[in-house]
Amino acid sequence: WSALYTNLVNGTSVNVADLTIGFVDGNFRPGGKLFVAENGDDSNSGDHIFAPFATLARALSAADASGDQPFNIYISAGTYTEVFPLTVPSNVTVHGATMRNTIIKPTVATNTNNCFLMNGETTVQNLTVKDFYTGYAFSFAPNTVISTRSPYIQNVSVITAGSVTSVSDPRGFNEGDAGKGALVDGASVNSVSNEASMLFHSVTFITPGVDGITMTNGVRVEWLNSFTYFANRGLYAVNGVTGHLSTDGSTLKYGAELRSIGSANVYGNFGAVADGADTLMYLIQHNLAYIGAGSKSDNNQTDVIQANVTVELNSGQ
């Protein structure tokens, strides 16, 4: 048949070379976009919603943001088992479908590695990272260059537990090997960068018995409407020993400056710890709740250790 005119077609599948419905061309590739889905295949083209990749790793390897426009990767709802670490190239944004319905976790062989390695001008948003040990959910890629925009993490949950759990310690707090939230280390940032910095917005780190976010070697961090739970140290700024070389090559910068607005540290051992003369935290409308309670979550005020709420060591502020 060269033409078929009908009001209704019923069937189980339609196989065509080209599909146009009204003004919608089913073969149209928008450019600058890649797609990942549970029912995808890494041998697909990945550049169409009906031909998605199966893994985020494959999409990251195919992302080309070398042109003037940024590149976007869209991950459908589902659980994805990935080979860690996942390096996000410059000018690439990773979009999950929603924070609670797009879940990224490691293979067994890579579950102690860092998760996302961030370059300059990158974003990861709307997803959950879980089920890894000892490593960090977010850190700089080695020798990264930040030209115009800091790595940005938004609407993300990091949920980890120690390798051994029990009825009395359901999160493995006492094991001390749960996955950590973030390591923001200026020693990993190339000196040609404008700034060694990272931004977190609406991020939750549930990291029992280990540190939530560690900042060191001359970095700046924005921590907005973000939370840590059950951390050993919720916010930890330390001078470091390597430092970050300034752009003009004249100065090694140490420590960290954190600006936290409308955020919280809940439970765990310590709230905010500044260790070193070059560490400074601005805690604006910041809530520190039940600090010193460790793994307990029954909101008993007698568990609070006031000396652990904010700690200044070695001239940290």
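Only one entry of Thr123, Thr87, Thr112 meets the criterion of being under 12 Å from the mean Cα position of the chain (by Cα), open to solvent by 60 Å² or more (accessible area, probe 1.4 Å) and within 30 Å of Thr242 (Cα to Cα), and that entry is Thr87.
Determine whether region 66-75 contains at least one residue that is touching a Phe, Trp or Tyr at 6+ places or on another chain (Cβ under 9 Å) and part of a loop (DSSP other than H, G, I, E, B). Outline the logic, then answer.
Within region 66-75, the subset touching a Phe, Trp or Tyr at 6+ places or on another chain (Cβ under 9 Å) is 73-75.
Subsequent filtering for residues that are part of a loop (DSSP other than H, G, I, E, B) retains none.
No, the conditions are met nowhere in region 66-75.
State whether the residues of region 164-178 include one that is in contact (Cβ under 8 Å) with a residue 40 or more places away in the chain, within 16 Å of Asp211 (Cβ to Cβ) and within 11 Å of the chain's Cα centre (by Cα). Within region 164-178 (the criterion being in contact (Cβ under 8 Å) with a residue 40 or more places away in the chain, within 16 Å of Asp211 (Cβ to Cβ) and within 11 Å of the chain's Cα centre (by Cα)), the answer is no, since none of the residues qualifies.
With respect to the conditions (1) part of a helix (DSSP H, G or I); (2) small (Gly, Ala, Ser); (3) open to solvent by 70 Å² or more (accessible area, probe 1.4 Å), Ala57 falls short on a single one, namely (3). Across region 208-235, the qualifying residues are those that are under 15 Å from Thr310 (Cα atoms) and over 17 Å from the mean Cα position of the chain (by Cα), and the one among them that is surrounded by the most Cβ atoms within 10 Å (Cβ to Cβ) is Arg233.
Please state which one of Asn232, Asn269, Asn239 is of a type in the set (S, T, N, Q), under 22 Å from Ser191 (Cα atoms) and touching a Gly at 6+ places or on another chain (Cβ under 8 Å).
Of Asn232, Asn269, Asn239, the one residue that is of a type in the set (S, T, N, Q), under 22 Å from Ser191 (Cα atoms) and touching a Gly at 6+ places or on another chain (Cβ under 8 Å) is Asn239.
The values are calculated or read from the model by the stated rules, or taken from the named source; none is laboratory data. Computed from a predicted model, the values in this text were never measured in an experiment. No Cβ is skipped: glycine too gets one built from the backbone with ideal geometry, and neighbour counts run over all protein chains shown. Side chains included, ligands, DNA and RNA excluded: accessible areas come from the protein's heavy atoms. Shrake-Rupley method; radii C 1.70, N 1.55, O 1.52, S 1.80 Å.
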